[in-house]
Structures are given as C-alpha cells and as structure tokens.
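The values are calculated or read from the model by the stated rules, or taken from the named source; none is laboratory data. These numbers were taken from a predicted model, which means no experiment stands behind them. Cβ atoms come from the backbone with ideal geometry, glycine included; neighbour counts cover every protein chain shown.
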C-alpha cells in the first residue's frame, strides 16, 4: 500500500492506494505554516487512512523546489516555515518506508499526462495558477530531466509600467489577495481577471517557445470562468504567438484538486523498482534520479 500526499501552499491532501493502482478516500487538511504541527496532522490522517495495513512507500509533492538527495524544501514563497526542514527524514521515521518527494506542480502535471487532459500526448506542458504559480514539462510520460526542477512561475514578465516581475508575483492567488486585500474568490472586477489572463498568456507563450510542447494544460483554483478564463488566455496567446504555424492546443486540467495524488501514484509506480534497493538509505528517505 502506498501513502500519497500533496502539500500545497493552502491545503494538504492525502490518500492511500491499497492495490497500488487506485486512489482511495481523499482527506484534506489545512497546510500549517509550522512544519512540526502540520507533520503531526499528516501523520494522524495517514494512520486513519491506512488503519493497520503496512505502508510500503510514501510519495508526494510540496510547493517549491526540492533537494531530493536531502529530502528538503529548498525555497518556497508560500511555505517559508518548511524551508530546509527534514521532510524526507521525518516521513521515513514515521512510516518506516522509502519516501519519494517531488515538486507539487510537477506531480499534478504527471497525473494530467497519464490520467487527464494530457493523456495521449508525448510532450505535455502543465502550468498551475493557485496560491502560487508552478509548472512542469512531461516527456514520454515522465517528468523531464532537470537540474533544479521547473519553476515556470518565476519567469520574468515586463509589465505595462515597465517594471519586471515574476509571473507568480503578478497573478498568483497569494499575491492577488495581498494586492486587493481580499480572497481571490471575492474579486469580481472583470478588469483584474482580464489583466491576469493577458499576463498568463505571456507566460504560456514563453513556455511554448522554449518547451515546444504538444499540448499546454492549465490548472489550479484560479483557472475558472469567473476568474482567469481559459478562453481569454487562448485569445491572448493567439495574438502573441506567431513563430509557430500550428501552436499546440491549450486546454484546462481535468483531474481537479486530486491531480497531485494521481501524479504521486504514477511516480512511485514508475520508480517502485528502487524501493527495496534503497531501504538501507531510509534515514534520509529515498529520492530517485531522473531517468
């Protein structure tokens, strides 16, 4: 049985795959800014999900770039209290099982490539717009080889006022909340969302020209008709992108809030052959190298 998790900037989702093929009941808890406190909540929820059954592996994502060798979150604007905390080692200690940790958006993209909107495409670019902005490139069903992970939200966009800011600083839920002093779900000004759609289109254009994907999948809580409309993003991308005669389709993610759990399931299945081989390294968790 696998324990699967998705630690986002706002919520943490957990589930188990008893047959190592299908995801069972999903438990959602608030992501605490305090590492130890949230780890206690995660352990309690995981024990209730697993019951008395043995957990053979733990796999999941967290919001930010990850040092897989050390099992730590390297940096994260939305989880500063988690940076450099021994996540891999602690999970290994709690569950006595190999631990696989990836960036949360990377696992959602992996899930979409296998089960969702990217299924059937060789190269999938996934971008999420939620509390933060993240992304990943999936090639032939695997998270593409990389040196430090993928951080599409930290590409630089030049604004109308001439200032240069990251895409995340411009359109993420956390930054919109800070800028307008209200939850994004309570922002009804169409001009705000039209500007966000245009800025996201700039990011999508950049992603297409340097990742050259077969399809671009957009996900996250802010991709919805009442917020960042995918139709408006498509229109702006159509106006911006003129180097390719046939741009890739731009579509909405299909797996909703549990895409990261599906991605975690695929990830641990892809690298399950390493589980027994690396049990001796459980003191720091196990973090695979890219194929």
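Scanning the stretch 214-237 for residues that are in contact with a strand residue (DSSP E or B) (Cβ under 6 Å, 6 or more places away or on another chain), under 18 Å from residue 255 (Cβ atoms) and part of a loop (DSSP other than H, G, I, E, B) gives 220, 222. From the list 136, 108, the lone residue that is assigned by TED's automatic domain parsing to the domain that holds residue 202 and not in a loop (DSSP other than H, G, I, E, B) is 136. Among the residues of the stretch 73-87, those that are modelled with pLDDT of 90 or more and either farther than 15 Å from residue 104 by Cβ or out of contact with any helix residue (DSSP H, G or I) (no Cβ under 6 Å at 6 or more places or on another chain) (or both) comprise 74, 75, 76, 79, 80, 81, 83, 84, 85, 86, 87. In this structure, residue 260 does not qualify as part of a loop (DSSP other than H, G, I, E, B), under 25 Å from residue 114 (Cα atoms) and either in contact with a strand residue (DSSP E or B) (Cβ under 6 Å, 6 or more places away or on another chain) or at pLDDT below 95 (or both). The combined condition, being touching a helix residue (DSSP H, G or I) at 6+ places or on another chain (Cβ under 8 Å) and surrounded by fewer than 18 Cβ atoms within 10 Å (Cβ to Cβ), is fulfilled by residue 141.
To keep it simple, each residue is scored yes or no on (1) surrounded by 18 or more Cβ atoms within 10 Å (Cβ to Cβ); (2) part of a loop (DSSP other than H, G, I, E, B).
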position	(1), (2)
146	no, yes
157	yes, no
191	no, no
207	yes, no
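Per the listing 70, 43, the residue uniquely outside any helix (DSSP H, G or I), farther than 20 Å from residue 110 by Cα and more than 16 Å from the chain's Cα centre (by Cα) is 70.
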